[in-house]
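For reference, the structure is listed below as structure tokens.
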Amino acid sequence: MTARPRPPPPLQTTRLRLLATTDVHLHLLGYDYYTDRSAPGTGLEHTATLIAEARREAPGALLFDNGDFLQGSPLGDCVLHGGIATPDPVHPAIRVMNRIGYDAATLGNHEFNHGLDALFAALRGATFPVVTANVARHQGVRPEADDTLLPPWCLLRRNLPDAAGQLRPLIVGVIGFAPPQIVQWDRNLLAGTLSTRGIVETAMALIPRLRAVGADVVVALSHSGLGPVDAGPDAENASTALARVPGIDAIVAGHSHLPFPAPGPAEPGIDLECGTVFGVPVVQPGAYGSHLGVIDLDLTHDGQRWRVTGGQAELRGINSAVPAAPEIAETIGPDHTATLAWIRRPVGYSARRLHSHFATIAPSDALRIVAEAQAAFVAQQLQGRPEAALPVLSAVSPFKAGGRGGAQNYIDIPAGELALHHVAGLHIFPNTIAALRLSGAEITEWLENAAGLFHHVLPGSRDAPLIDKDFPSYNHDRILGLGFRVDLRQPARYDRYGALVQPEARRIRDLRWNGRPLDPRQEFILATNSYRAAGSGGYVWARPSRLVDVGRTSIRDLLIRHVAEGHRPAPPAAPDFGFVPMPGTSVIYDTSPEAMAHLAEIAHLAPEYLGPTPSGFARLRLHP
Ligand code: MN
Ligand code: MG
């Protein structure tokens, strides 16, 4: 009689749900403290409702945050600078995360913006582990030997019911990564105290160890955008490359603020249907609480341990139908009230009204103060570096200059004390400071591209429209530090996409720097914003190779600091911008009805009021 082999026990399967947020940036409530208004589509108080729903569907779900949770709203400044009379010892962001019940988190680059003491003061209050594997106080010869700032990973021990309802232990290993550039971006605060490694290099070394210490499932919290497949060793956006590192079961990406999975072009390795990158489920839940990432992993128990056999990822967006979870506002009520008082108090002063009614046709104090703040910040960042020898110019655009935004779409701040929301309104986008190293010749082309805002005007013609309404004013750059005139008799040299369409045409005339004609060979540093530094708006001269690293500070924040330090818009010098005179010619210009009180500022254009337009603008006839 031969013994029949015993059949193997039936495989047990189950599912594990992972939930994730990223780049919340202190948008705990759906409130924009910069504008002092509610901000639909943002706020962890709404994401918390989605979290509760997703947990109800899948009890035992784990919740992670992927970094940039301590910075990004005036609430943080209010906490840091003593704006709260009887502060809770636990930072409001951490208090909310404790309340929601996060299981683990990692650090983003912005966690380092206020130095390590402030970071640790906040982290002390956390009731969940915070991990980061590639940031070290002292580096060893290999990643395994690094003395990391925080634990590189944590092990979460849970019991999962199998299909028969029997609980079986599960160990989830959670490892964290930050962009290695943090040591450069906050060099003024961190110099010599920290060093970083590449994300992929660190993962290659540590994931096998995380498996070896018992992780059945490995989750990477990667505060890094998806990026190229073949990301370089120190890539800022390395999450796509990370997906190819063996042994990772799920990735939470972030930092770029872009949602994933989301509709987009087909890319190698990316399955938008399943939300996988090279087979690994990945979520990148937007920013400011806009989305909740949901990853469902299929697990099989082989008699020894749970193993991941598959999975899928999706995003759930907060929309107007997602109510706020009331416990969030409850948790930070006093902080919110204090922040409202904080943003409404005066932060600076302007002796003159700051408006953008004529920002596209004349020098504007509202633009000038932003340009000055950018230039001052960049000059300070360059101190002690080779680029410090180059003159700093500063490019700004009139974001609010009527157009499709309508007749209310202007900056108009009364003279006197400036509240924080006034100052923040001078630069309405959350982009960060950037700097480029450019030649005088390239800067001339830059201004030619910007001059595409204006229509071609024939000498002697009457009442032609001056502004091309299809050219967004946020793509019209003015450069502080240069004087020039625009020759409207010439057609635009570039089209709206930066293509050279009229090689013979030159609209920029009398271009001067420091009172002398601009030398096309001289090199300059151009301070600008991150949107423009990426070449947006057809500014093809903004090549990656010309970027000079000046950190990741938001322009609104550096502007608020500049004004709070007592800087006021410099008194108008000689006009640095105008048109080449066109005797006997008139053009039509629409602006805010409020501009009528300030026509003296454009007296040189001999404005005549022609009446209101159907959409509520005031129509002017100008004589360039
Ligand atoms: Mn961020
Ligand atoms: Mg970030």
Any hit, the range 176-186, residues being more than 16 Å from ligand 2 (Cβ to nearest atom) and crowded, with 17+ Cβ neighbours inside 10 Å: no
Residue tally, condition over 15 Å from Leu436 (Cβ atoms) and either over 13 Å from the mean Cα position of the chain (by Cα) or of a type in the set (Asp, Glu) (or both), over the range 539-558: 2
Selection status of Gly384, small (Gly, Ala, Ser) and open to solvent by 40 Å² or more (accessible area, probe 1.4 Å): yes
Some residue of the range 594-605 being assigned to a strand (DSSP E or B) and either surrounded by fewer than 16 Cβ atoms within 10 Å (Cβ to Cβ) or at pLDDT 90 or above (or both): no
Test: Leu16 is in contact with a strand residue (DSSP E or B) (Cβ under 6 Å, 6 or more places away or on another chain), away from ligand 1 (no atom under 16 Å from the Cβ) and open to solvent by less than 40 Å² (accessible area, probe 1.4 Å): yes
Number of positions in the range 18-30 that are in a loop (DSSP other than H, G, I, E, B) and under 30 Å from Leu299 (Cβ atoms): 3
Residue tally, condition farther than 28 Å from Leu167 by Cβ and either in a strand (DSSP E or B) or at pLDDT below 95 (or both), over the range 288-315: 2
Of all residues in the range 387-411 being modelled with pLDDT of 95 or more and open to solvent by 50 Å² or more (accessible area, probe 1.4 Å), the one that is nearest to the chain's Cα centre (by Cα): Ala388
Residue in the range 196-217 that is within 17 Å of Ile295 (Cα to Cα) and touching a residue at least 40 places away in the same chain (Cβ under 8 Å) present: yes
Qualifying residues in the range 536-550 (those that are crowded, with 22+ Cβ neighbours inside 10 Å and either among the aromatic types (Phe, Trp, Tyr) or within 17 Å of Ala373 (Cβ to Cβ) (or both)) - the one farthest from ligand 1 (Cβ to nearest atom): Tyr539
Boolean, Glu523 is in contact with a Leu (Cβ under 7 Å, 6 or more places away or on another chain) and either assigned by TED's automatic domain parsing to the domain that holds Pro581 or open to solvent by 20 Å² or more (accessible area, probe 1.4 Å) (or both): yes
Among residues of the range 230-242, those that are within 16 Å of ligand 1 (Cβ to nearest atom) and not in a loop (DSSP other than H, G, I, E, B), counted: 1
Spans of strands (runs of 3 or more DSSP E) in the range 124-229 with at least 3 residues in contact with a helix residue (DSSP H, G or I) (Cβ under 8 Å, 6 or more places away or on another chain): 167-177, 217-222
Single match in Ile433, Ile508 (criterion: closer than 26 Å to Ala527 by Cβ, open to solvent by less than 10 Å² (accessible area, probe 1.4 Å) and out of contact with any Cys (no Cβ under 6 Å at 6 or more places or on another chain)): Ile433
Of the criteria (1) under 19 Å from Leu18 (Cα atoms); (2) surrounded by 20 or more Cβ atoms within 10 Å (Cβ to Cβ), which one Thr202 fails: (1)
Among (1) surrounded by fewer than 20 Cβ atoms within 10 Å (Cβ to Cβ); (2) outside the structural domain of Thr49 (by TED's automatic domain parsing) - the single one Trp306 does not satisfy: (1)
Residue match in the range 519-526 (condition: within 30 Å of Pro74 (Cα to Cα) and without any contact (Cβ under 8 Å) to a residue 12 or more places away in the chain): no
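The values are calculated or read from the model by the stated rules, or taken from the named source; none is laboratory data. If you're wondering where the values come from, they're calculated on a predicted model, not measured in any experiment. Cβ: placed from backbone, ideal geometry, glycine included. Neighbour counts: every protein chain shown. Heads up: the accessible areas ignore ligands, DNA and RNA and are worked out on the full protein's heavy atoms, side chains in. Shrake-Rupley method; radii C 1.70, N 1.55, O 1.52, S 1.80 Å.
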